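> Submitted below is the structure of interest, expressed as structure tokens.
The values are calculated or read from the model by the stated rules, or taken from the named source; none is laboratory data. This one's a predicted model, so the numbers in the text were calculated from it and none came from an experiment. Cβ: placed from backbone, ideal geometry, glycine included. Neighbour counts: every protein chain shown.
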Amino acid sequence: MAERVIPLVDQRLSALRAAVPATAIAADGLLADTRGRELRDLRISVTDRCNFRCSYCMPKEVFDKDYRYLPHASLLSFEEITRLARQFLAHGVRKIRLTGGEPLLRKNIEILIAQLADLRTVDGTPPELTLTTNGSLLARKARALKDAGLKRVTVSLDGLDDAVFRRMNDVDFPVAEVLEGLAAAREAGLGPIKVNMVVKRGTNEDQVVPMARHFRSSGIVLRFIEYMDVGATNGWRMDEVMPSAEVRARIAAHFPLVQLDPSAPGETAERWGYADGEGEVGFISSVTQAFCGDCNRARLSTEGKLYLCLFAANGYDLRELLRGGADDAQLASAIGHIWQGRSDRYSELRGTQGADTGPAGRRVEMSYIGG
Ligand code: SAM
Ligand code: SF4
Ligand code: SF4
């Protein structure tokens with residue numbers, strides 16, 4: 001059993017100041033960072049709580065009954081989230097993903113979805129509004145989410161075998177209920193649906209082929225995610241990572257695959273199709289194959305900090321600006337200024353000295369900024 005690393009520093013306590021620059025930065029959709037990367041994708045974490053305890057994300061030993069979640073007053077309100085999202089859209093964001101923690105645990109999430117669905121991109125189109133969930137509450141909520149304006153969902157599912165799945169979520173949650181949630185999402189029209197599976201060697205690798213078999217021909221795109229060294233609590237070890245190439249080889253031994261073209265720039269998943277035309281699978285290889293070159297994703301934490309990279313040690317405190325009375329132009333300028341200074345490329349540097357994101361324990365948790 002691997003020894004767990006307990007976080008020494010609570011990274012939520014520190015923040016970088018989000019300053020309004022002296023010269024205003026126009027929100028004209030043309031923003032780019034120091035490496036020429038545009039801002040296209042905004043991930044908003046709406047809660048730091050979760051009803052699962054996936055060992056790779058919120059291990060029980062750390063996220064126990066004594067763990068202090070953010071108090072309600074720290075969370076951005078729906079109005080604050082919507083106001084910030086409007087500025088991000090003005091800077092070129094096309095896609096908004098709600099995440100967490102478990103986003104469906106945030107009370108009245110449908111109200112936030114309705115507010116975000118009313119916003120527009122610089123092209124005048126509605127944002128592509130999506131949500132990543134563990135699926136546990138989806139059977140109950142899919143219809144209301146769709147009615148509120150959600151376009152589609154991504155469901156995380158790490159296996160089909162009930163015993164393996166219960167072990168992965170570590171709260172004894174049955175796989176059948178997630179499958180019911182998937183069915184409800186499909187029925188409500190929340191598609192195209194994606195399913196994300198984190199593959200951890202020695203834990204759920206035997207689920208790779210059954211998952212591929214189950215979802216091929218279903219119209220649902222299954223994506224395999226390499227177990228990542230996010231946060232400081234999951235006791236990550238390289239030997240528990242199953243490289244995408246190996247996952248792909250396992251599937252191809254049963255169902256031959258052909259590589260497909262990427263669907264959009266900044267797309268995180270490499271797409272492969274079943275040679276017999278029965279759908280496609282994706283591989284998100286953030287450990288073995290860096291994709292920072294066109295990373296166009298910004299992350300807004302539950303309490304309003306802007307993170308420029310999944311592996312960043314700190315975020316910029318937008319809530320302070322919001323609650324300090326900044327107007328929309330000032331908020332947009334501050335966001336523009338922060339993005340223009342962005343140089344993050346952790347995955348490309350992983351394992352080198354440049355990859356240091358701070359002292360051990362300073363890296364932000366996935367459950368805090370979302371995936
Ligand atoms: N609770 C929701 C869920 O599980 O879908 C949303 C938040 S969760 C942090 C978002 C995604 O991050 C999930 O697909 C999860 O599997 C993934 N994730 C969490 N920790 C990870 C890790 N260490 N490596 C790779 N993916 C991880
Ligand atoms: Fe919860 Fe999602 Fe993290 Fe699992 S991956 S513990 S479901 S936030
Ligand atoms: Fe983007 Fe950071 Fe991931 Fe690179 S490591 S792809 S910059 S989030």
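> Six or more apart or on different chains, Cβ atoms under 7 Å: show the pairs whose first residue is in the range 92-117 and free of Cβ contacts under 8 Å to residues at least 60 places away in the same chain and more than 19 Å from Asn134 (Cβ to Cβ) and whose second is within 16 Å of ligand 3 (Cβ to nearest atom) and of a type outside the set (A, V, I, L, M, F, W, C).
Arg94/Arg40; Lys95/Arg40; Lys95/Asp41
> Continuing with the same structure: Can you pull out the residues in the range 236-252 that are in contact (Cβ under 8 Å) with a residue 12 or more places away in the chain and either over 23 Å from the mean Cα position of the chain (by Cα) or more than 27 Å from Pro59 (Cβ to Cβ) (or both)?
Across the range 236-252, the qualifying residues are Asp239, Ala245, Arg248, Arg250, Ile251.
> Residues being among the hydrophobic types (A, V, I, L, M, F, W, C) and touching a strand residue (DSSP E or B) at 6+ places or on another chain (Cβ under 8 Å): count how many of those fall in the range 229-253. Reasoning before the result, please.
Here is the first cut: in the range 229-253, the ones among the hydrophobic types (A, V, I, L, M, F, W, C) are 230, 232, 236, 238, 241-242, 245, 247, 249, 251-253.
Checking the rest, the ones that are also touching a strand residue (DSSP E or B) at 6+ places or on another chain (Cβ under 8 Å) come to 241-242, 247, 251.
Number of matching residues: 4.
> Read through the list (1) within 20 Å of Met366 (Cβ to Cβ); (2) away from ligand 3 (no atom under 16 Å from the Cβ), then give the number of the only condition that Ala313 fails.
Failing condition for Ala313: (2).
> Kindly provide the set of residues from the range 62-81 that are touching a residue at least 60 places away in the same chain (Cβ under 8 Å) and in a loop (DSSP other than H, G, I, E, B), ordered by number.
Passing the criteria: Val62, Phe63, Leu70, Leu75, Leu76.
> Something else: Could you list all residues from the range 301-315 that are part of a loop (DSSP other than H, G, I, E, B) and either of a type in the set (Phe, Trp, Tyr) or under 11 Å from Ser45 (Cβ atoms) (or both)? So that I can check it myself, show each step before the final result.
Step one: list which residues in the range 301-315 are part of a loop (DSSP other than H, G, I, E, B), which gives 301-304, 308-315.
Ser301, Thr302, Glu303, Gly304, Phe311, Gly315, listed by residue number.
> Which is under 25 Å from Asp162 (Cβ atoms), within 16 Å of ligand 3 (Cβ to nearest atom) and under 20 Å from the mean Cα position of the chain (by Cα), of Ile225, Ile220?
Ile225 is the lone residue from the list that is under 25 Å from Asp162 (Cβ atoms), within 16 Å of ligand 3 (Cβ to nearest atom) and under 20 Å from the mean Cα position of the chain (by Cα).
> Let me ask another. Among the residues of the range 329-371, which ones are among the acidic types (Asp, Glu) and either at pLDDT 85 or above or within 16 Å of ligand 1 (Cβ to nearest atom) (or both)? Walk me through how you get there before you give the answer.
As a first pass, look at the range 329-371 and keep what is among the acidic types (Asp, Glu): 344, 348, 356, 365.
Scanning the range 329-371 gives Asp344, Glu348, Glu365.
> Shifting gears a bit: Could you run through the range 205-237 and say how many residues are more than 28 Å from Lys141 (Cα to Cα) and either within 13 Å of ligand 2 (Cβ to nearest atom) or among the acidic types (Asp, Glu) (or both)?
10
> Identify all residues within the range 288-334 that are of a type in the set (A, V, I, L, M, F, W, C) and closer than 23 Å to Gly101 by Cβ; write none if there are none.
Of the range 288-334, the ones of a type in the set (A, V, I, L, M, F, W, C) are 290-292, 295, 298, 300, 306, 308-313, 318, 321-322, 326, 329, 331-332, 334.
The answer is Cys295, Ala298, Leu300, Leu306, Leu308, Cys309, Leu310, Phe311, Ala312, Ala313, Leu318, Leu322.
> Scan the range 195-210 for residues that are among the β-branched types (Val, Ile, Thr) and either over 16 Å from Ile284 (Cβ atoms) or in contact with a strand residue (DSSP E or B) (Cβ under 6 Å, 6 or more places away or on another chain) (or both) and jot them down.
Val195, Val198, Val199, Thr203, Val209
> When the residues of the range 88-138 are narrowed to those that are within 16 Å of ligand 2 (Cβ to nearest atom) and part of a helix (DSSP H, G or I), which ends up surrounded by the fewest Cβ atoms within 10 Å (Cβ to Cβ)?
Once the filter is applied, the top-ranked residue is Leu105.
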